Structures are given as structure tokens and as C-alpha cells.
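Bear in mind these aren't lab numbers, they're just calculated from the coordinates by the rules spelled out. Computed from a predicted model, the values in this text were never measured in an experiment. For neighbour counting, all protein chains shown are included, and Cβ atoms are generated from backbone atoms with ideal geometry for every residue, glycine included.
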Amino acid sequence: MNLRQLMGATTVFYLLLFMAAACAAPAAETVIEQSAVPPTRGEPVVDLPDLGAAPEFQNEVWLNSDSPVSLADQRGKVVLLEFWTFGCINCQRTIPFVQEWQAAYEGDDFTVISIHYPEFAYEREVENVQDALARFDITYPVAIDNDRLTWRAYSQRYWPTTYLIDKNGRIRYQHIGEFTRGADQEAVAAIEALMAEPDPVE
């Protein structure tokens with residue numbers, strides 16, 4: 001074997017070694033990635049910080065209620081508070097989730113309350129809001145907040161926004177925008193965690 005043949009054979013040998021190493025590398029990375037994935041998916045982990053005392057409702061006109069609703073009267077319950085307006089498509093897509101949670105949890109430990117603050121002039125008409133409640137089959141109390149009293153008290157900026165208020169009247173969870181199927185499990189976990197907390201000490 002002459003020098004040129006020897007050099008050619010050496011080059012081929014190192015090329016084959018390089019290709020073998022390159023092919024093996026992705027397999028090793030895949031194993032590492034797979035070993036990092038937990039074998040089972042647990043329940044959603046939700047952070048429930050204390051975001052401060054929930055401001056009292058400041059509305060005189062309420063639908064689906066014989067009298068004005070106060071937050072003080074809800075002490076001992078987890079309150080799902082929803083800010084919405086009926087013409088907002090994102091708000092409309094949120095309604096089924098809220099109704100689902102109302103049906104599943106409504107009782108001594110949980111209630112749903114809604115604040116309707118209009119974006120457009122036609123949404124200010126109480127009759128139009130009443131029609132929307134009938135159309136969407138909404139049965140929980142709805143405050144008419146045309147003067148944005150409660151909206152301002154909560155420093156609101158977006159439709160829809162959903163809060164969870166704990167049994168002591170503290171805001172513990174906020175979600176801006178509509179819910180999606182799957183992502184809604186965080187809200188479910190938050191509701192159940194807050195309901196499991198001790199009742200207020202009288």
C-alpha cells in the first residue's frame with residue numbers, strides 16, 4: 001500500500017467514526033429528554049397568592065336577584081366574580097365554563113356573581129342585558145354597572161376577567177380573557193383548593 005492509499009484509508013476510517021458518533025448523539029439526547037418527563041400527569045398546580053381585600057360591590061340595579069347583592073353577605077363562601085359585557089364574543093365563550101362551575105359547585109361553599117359593564121351604548125340598556133341573560137340561560141346574579149363603579153373599584157381594564165375571592169373576602173385568583181378547554185383545569189383546581197380552606201373564624 002502506497003502513501004496515497006494509506007492516507008485515503010485513514011480518511012475513510014475517521015469519516016466513518018465521525019458519522020457513527022453523529023448518529024448516536026440524537027439517541028442519547030432523546031433518552032435524556034424522555035427520562036425528564038414524569039411518568040404520569042398530576043393535578044394542575046395553581047398558585048393562590050393573597051392579592052388583597054376584594055372591594056365591595058357598589059351597584060343598586062341587579063338582575064336575577066330580588067335585592068342588591070353584597071360581598072359581605074358571601075363571607076364563608078368562595079365567590080367566582082366575573083366582569084363581562086354581553087356583546088363581547090370572548091365573554092360569550094366564557095359563559096359555558098362559568099355555568100359549568102356553577103352547576104358543579106354552587107352551594108354553601110361557592111357562589112357565582114357577575115358584574116356587567118358595557119362597552120357600547122346598546123349594552124347599557126337593561127332590557128338588552130335581560131334579553132342576553134335569557135338567551136344565554138344565565139341564572140346567577142348580575143349587577144348593572146353602567147357607571148363603572150365596581151369596574152373602577154377593581155381597577156378593571158379587560159372583558160372578560162374572572163376573579164376567585166376566598167371565604168375571608170380576599171382576592172386569590174385572577175384570569176383575564178376567555179377560558180379554553182384544558183386550560184380551564186387551573187381554574188377548577190383553584191376553586192377546589194379555596195373551597196377546601198378552613199371556614200372563617202367568627
Is at least one residue of segment 56-63 out of contact with any helix residue (DSSP H, G or I) (no Cβ under 6 Å at 6 or more places or on another chain) and in a helix (DSSP H, G or I)?
no
Among the candidates N64, N90, which residue alone is of a type in the set (S, T, N, Q) and in contact with a strand residue (DSSP E or B) (Cβ under 6 Å, 6 or more places away or on another chain)?
N64
Select from segment 68-100 the residues that are over 17 Å from Y173 (Cα atoms) and among the hydrophobic types (A, V, I, L, M, F, W, C) and list them in ascending order.
V69, A72, F86, C88, I89, C91, I95
Taking only pairs six or more apart or across chains, which ones have beta-carbon atoms under 7 Å, a first residue in segment 172-186 that is among the hydroxyl-bearing types (S, T, Y), and a second residue that is surrounded by 15 or more Cβ atoms within 10 Å (Cβ to Cβ)?
Y173/L48; Y173/Y163; Y173/L164; Y173/A190
Going through segment 172-190 one residue at a time, which ones are more than 9 Å from the chain's Cα centre (by Cα), at negative phi and surrounded by fewer than 20 Cβ atoms within 10 Å (Cβ to Cβ)?
R181, A189
